[in-house]
Amino acid sequence: MPLDRGTPVLELRGISKLFPGVRALDDVSFTIHAGEVHMLLGENGAGKSSLIKVLYGAYAADAGEILHHGRKVTIASPADARRLGVAVIFQEFSLVPFLDIAQNIFLGREFASRVPGHIDHRGMHLEAAKLLDLLGMEQDTRTKVHRLGVAQQQLVEIAKALSQHASVLVMDEPTAALSEHETDRLFKVIRRLKQEGVAIVYISHRLAEVFELGDRITVLRDGRKVGSLLPSETTPDELVHLMVGRAVDTSYAREFCALPGELALETIDLGSDHGISGVNIEVRTGEIVGLAGLVGAGRTEVARAIFGADKVTHGEVRIFGQPIGGGPDVSTRRGVALIPENRKQEGVALIRSVQDNLLLASLARLFPRGWFDPAVGRRVSVQKIDELRIATPSPLRLVRYLSGGNQQKVVVGKWLNAGGKLFIFDEPTRGIDVGAKAEIFNLIGELVGRGAAVLMISSELLEIVHVCDRAYVMRGGRVAGHLRRADLTEAGILRLAMHHE
Amino acid sequence: MSETSALALRPGRLRAALAATPGVAYILLLMVVVFGATSKYFLSGANLLNVGMQSAILLMIALPMTLIIMSEGLDISLGAVLTLCSVVLALMLVRGSGLPVALAAAVAVGLAFGLANGLLVSVVNMPPFVATLGTFGMAQGLALAVTDGQSVVGIGETVQTIYAGGVFGVPIPIAFALGSYAFSHWLLYHTRFGSYVFAIGGNREALVLAGVRANLYHIGIYVFGGCMAGLAALLLTARMNSGHPTAAIGIEFDAIVAVAIGGTSFERGDGWLFGTVLGTFAVGVMRNGLNLLGVPSSLQVVSIGLLVIIALFVDGLKQRT
């Protein structure tokens, strides 16, 4: 029996939002109570972001009303939302690269000193240091944000929202970039905020979090509310069923590789100028090999050293038995494909078409004479679109209009066209919803089925456990251990990664 | 062994310190050495003071230009606006206005152009190059129109004495430059406005989401440029002892050069104000040294272009190591 929880802090009634051709929100009602964590679930495009934008005054709703402590209000701008005590932790970082941590946390709310316009830097740094301490972050608050890694930037973003002492705190996938350890800390902070009476709206793609943190769950699908439930009265399967409208196995399963092929990648005592050393890794064709570890353990750095993007200072990298040196261009020619974590910045050209992206890395091979042949370009790209089942109305569609999962496929298609044989995926499912995740794994499975070799970096332990044939676990820039299929468990990885032998 | 000598002797530290020193500092040093060796007069106190005096006006344009470029903008109208302000100042003085009124008029003209630039860039959302190309033409045309293309002479003794005079032994142009730098430094590093300059260039969306009226501050950046041009007009007019309708055309080019070699980024919202000071000196020293060596002014422009390329090349080299 749900208790009487009093008047909600914020109540959205019958909110609709239309875009040309799309009904982003359709009569959605949503209540937010003090001291509750309200989980908001839904696939990408289900309307979660639109709902938050309405809540934050970035979108004006076409229909419906918002009540604040039972009184009708209009939220027409972020400033309005802020006045009502609504703070949002954005998934796309809203940080200024060349301002320091403290300046970013208090952007728009700088501490005034007695001189008009003058900022009280000392006060800001003191306050910021307290917030970082709360989140277990040890950085100097004078560090410029562009020097921080993704996880640390996410923590700054969280500190920024916390600093607003909001009564409603909206978190859009706050743990997407965090390691397990950082996630634990964040959860502690959330529980404390809850006790202090803060209302929290929490968007997540991780079902485990929903049950660990949530007091109430709302599921959106295609802009409509399809479920409002209590965690004690539902199951992960039911939630997934509601989200996608059909039953999907959340734990992706594949046939593991019994007989690996030839040695595709071998690193011998590899060290780079980015803090890794003594790394020995082997990947054979037909295998998916995981590279696990906490954020900052050096996984991405291993990938970059193999690819030739960072300078190798020690040891060597062999691709199909041949030592390689030189830069990414050499690696690419030998069939190494790196699919980076930061897809939007490094993997695809968002403002170019699907076709342009698919052909980008293979122009020299496809058009040896130097000029572009539209017929060939079209044929090759259409073939890849069919093969990888990229959901796009046309090869000429701009990539930025595709979903995250389909953008990922475009990146893979690009490297397949370029003759990739060793694929290195860095966090391939970051920011991708449940349904598309299985598709990404199918894609990776298909790659190894065709005789490619895959090295996959992931922070999600379950992904490594379910998808990989075996895995290396990194800690502090070195390989802490190797787990065969039979020993590959979440606990086993964590023990190695965190040194709890 | 004392701690200081330990620091000095450790090669790693030295290398780190060398790498942290921006390219413009090396270039400045190199130029001083070369010009000092080739011209006896170059290193004399009188000449160095001269360089400082000549650089003062440029610095007053280069400082706001730094903020404008940091906001991913550009203002190519500043030279023409400075010229127009100078002409207005001279005309007012000739017609008998007092210096405060004439200066206020000059600053008001600068402010108006800054406001126009800011509105076009932030509200109308025009590319800064195009917007300021338009106002450049307008300012230049107006300067020619109000003067009939002639110099405005007879501005009186007061203004002349300003250029030659000093406060507490510091020549007034130098005092202006120092004051402008101090103010700009305070503005960029110690005020909200300054933080928002970084934000507009680095992530404008973040600023809007923080509930800040970004347009207002964006306009403010260009207004700052216009006002500085108005103030600098006083020095320009005093130095020329007249208002000339083409007096400062092209100074915006030197200012952009000073900002660029001073290490300010054109696309990331990163800037370094003191680097602009060094960059301004580099341009000033280059022009002065080449003058002393008798290099014609057309070739000076070539060498300033070369200066940009070398400075950015040195910075690029350092980033790679």
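The values are calculated or read from the model by the stated rules, or taken from the named source; none is laboratory data. Computed from a predicted model, the values in this text were never measured in an experiment. So basically every Cβ, Gly included, is an ideal-geometry build from the backbone, and we count neighbours across all protein chains shown.
Quick notes on this structure:
- Restricting segment A:139-156 to residues that are assigned to a helix (DSSP H, G or I) and out of contact with any Pro (no Cβ under 8 Å at 6 or more places or on another chain) leaves a set whose member that is nearest to A:A102 (Cα to Cα) is A:V156.
- Leading residue by the ranking (nearest to B:V212 (Cα to Cα)) among those in segment A:91-109 that are of a type in the set (F, W, Y) and more than 7 Å from every other protein chain (Cβ to nearest Cβ): A:F106
- Check on A:A264, exposed (fewer than 14 other Cβ atoms within 10 Å of the Cβ) and either under 28 Å from A:E301 (Cα atoms) or modelled with pLDDT under 85 (or both): no
- Taking segment A:27-138 and the helices (runs of 4 or more DSSP H) fully enclosed by it, the elements with 1 or more residues that are of a type in the set (D, E, K, R) and at pLDDT 90 or above are at A:121-134.
- Search result, residues across segment B:108-149 that are within 14 Å of B:P245 (Cβ to Cβ), in a helix (DSSP H, G or I) and of a type in the set (G, A, S): B:G137, B:A139, B:G141, B:A143, B:A145
- Members of segment B:260-275 found to be among the hydrophobic types (A, V, I, L, M, F, W, C) and either within 13 Å of another protein chain (Cβ to nearest Cβ) or not in a helix (DSSP H, G or I) (or both), listed by number: B:F266, B:W272, B:L273
- Looking only at residues of segment A:140-165 that are within 28 Å of B:H185 (Cα to Cα) and out of contact with any helix residue (DSSP H, G or I) (no Cβ under 6 Å at 6 or more places or on another chain), we find that the one that is surrounded by the most Cβ atoms within 10 Å (Cβ to Cβ) is A:E157.
- Residue, surrounded by the fewest Cβ atoms within 10 Å (Cβ to Cβ), within segment B:284-298, restricted to residues that are within 23 Å of the chain's Cα centre (by Cα) and either in a loop (DSSP other than H, G, I, E, B) or modelled with pLDDT under 85 (or both): B:S298
- Checking each residue in segment B:171-200 for being crowded, with 19+ Cβ neighbours inside 10 Å, among the aliphatic types (A, V, I, L, M) and either within 14 Å of chain A (Cβ to nearest Cβ) or farther than 28 Å from B:L49 by Cβ (or both) picks out B:L187, B:L188, B:V197, B:A199, B:I200.
- The conditions of being more than 14 Å from chain A (Cβ to nearest Cβ), among the aromatic types (F, W, Y) and either surrounded by fewer than 17 Cβ atoms within 10 Å (Cβ to Cβ) or free of Cβ contacts under 8 Å to residues at least 40 places away in the same chain (or both) are met by B:F168.
- Matching residues, segment B:1-39, being modelled with pLDDT under 85, more than 18 Å from B:V314 (Cβ to Cβ) and part of a helix (DSSP H, G or I): B:E3, B:T4, B:S5, B:A6, B:L7, B:A8, B:L9, B:P11, B:G12, B:R13
- Some residue of segment B:281-300 being closer than 13 Å to B:I69 by Cβ and aromatic (F, W, Y): no
- Once segment B:212-259 is narrowed to residues that are among the hydrophobic types (A, V, I, L, M, F, W, C) and without any contact (Cβ under 8 Å) to a residue 60 or more places away in the chain, the residue that is farthest from the other protein chains (Cβ to nearest Cβ) is B:V257.
- Complete set of residues in segment A:409-435 that are part of a helix (DSSP H, G or I), of a type outside the set (S, T, N, Q) and surrounded by 20 or more Cβ atoms within 10 Å (Cβ to Cβ): A:K409, A:V410, A:V411, A:V412, A:G413, A:K414, A:W415, A:L416, A:V434
- In segment A:162-183 there is no residue that is facing chain B (nearest Cβ under 9 Å) and assigned to a loop (DSSP other than H, G, I, E, B).
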